[in-house]
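What follows is calculated from the coordinates using simple rules that are stated; it is not laboratory data. Predicted model only: the values in this text are computed from it and were never measured. With ideal geometry, Cβ positions are generated from the backbone for all residues, glycine too; neighbour counts draw on all protein chains shown.
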Amino acid sequence: MTDATLTADFALPANTARGSEAKPDRRMFHSRVIGALFLLGFLFYGTGMALVSSVVGAPDFLKTIGTHQTTLALGAVLMLLPIITDVWRAVVYFPVLGKAGRSTALTYFGGQIISVVMFFVGVLSLLLIIPIGQHAVDATGASVDWATALGSLMVQSNEYAYQISQIALTFGALSLWFYGYRARLIPRAFAAWGLIGYVIHMGGCIAELFGVHIGMTTMIPGALFEITLPFWLFFKGFNAEAYGKSV
């Protein structure tokens, strides 16, 4: 028996790449990473906002800011963590969308960058409340008008920064899920739900900037989509035929 015969007898079949069985399913890996990042972003920002709101939502909150500054600072830090999860999520979409979706991935990434920058601006405004609070009360215990006004301005600055961040986020998400609808990255009805939800959410954010306070209501469809999507990605993942398309 020749060496060539031995090689042929023990060679792997042509359709079985060496080590392919040990190689993880990249489609499901990327699907689950994106799903986890969605949920972590919700958890971080939601918890942080709850802590911050418990402080700045109280009447004359500046008077007691010294007592609650740890709560405010912790909440602000948690609100910053989505900067990591959102940008990382945008990066992971590049291999998911492939060459055919490269422009969509770049648009989504750009929207996320603008969004997290505005997150940072808003959180910085909240953190500035702590030093402002040190001047909120004069020697007689009365509120200092300029400090009260400036503290309220910082809270409002965070609100405006949040709305602008959401407009940028929804712009990128609309590009992403329009591509996802066309490429059948997820079921078309599911992608259409996301598109409709983001359009409604963007309208609510714009209305908030003009003083029409409907944002909490208009964010519901998009928020439900972003809560449901991770579970779909955990168990089903992106459509195998659409994942990483190069043409």
Open item on the list: Using alpha carbons only, how many angstrom separate the centre of segment 153-168 from the centre of segment 63-101?
Closed with: 15 Å
TODO: May I ask you to list, by number, the DSSP H helices of the chain whose Cα span along the axis is at least 30 Å and whose average Kyte-Doolittle hydropathy reaches 0.5 or more?
DONE: 26-56, 102-127, 188-209
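Starting from the Kirkwood Rh over alpha-carbon pairs, what translational D in µm² s⁻¹ does segment 88-184 have by Stokes-Einstein at 25 °C and 0.890 mPa s?
Values: Rh = 15.6 Å.
Using the Kirkwood radius from Cα pairs, D works out to 158 µm²/s.
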Task: Viscosity 0.692 mPa s, 37 °C: Kirkwood-radius Stokes-Einstein D of the chain over Cα pairs, µm²/s - done: 160 µm²/s
- [ ] Measure off 7 Å from each Cα along the Cα-to-Cβ vector at Leu153 and Arg32, then give the distance between these two points in nanometres to one decimal.
- [x] 5.0 nm
Task: Percentage relative contact order, segment 25-235, counting C-alpha pairs under 8 Å, at least six apart - done: 22 percent
Open item on the list: Return the equivalent ellipsoid semi-axes of segment 114-247 as a descending list in whole Å, where each equals the square root of 5 times an eigenvalue of the C-alpha gyration tensor.
Closed with: 41, 15, 12
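Compare the peptides 209-216, 118-125 by average per-residue count of other Cβ atoms within 10 angstrom and give them in order, highest first.
Details: 209-216: 11.1, 118-125: 19.6.
For the peptides 209-216, 118-125, the packing ranking is 118-125, 209-216.
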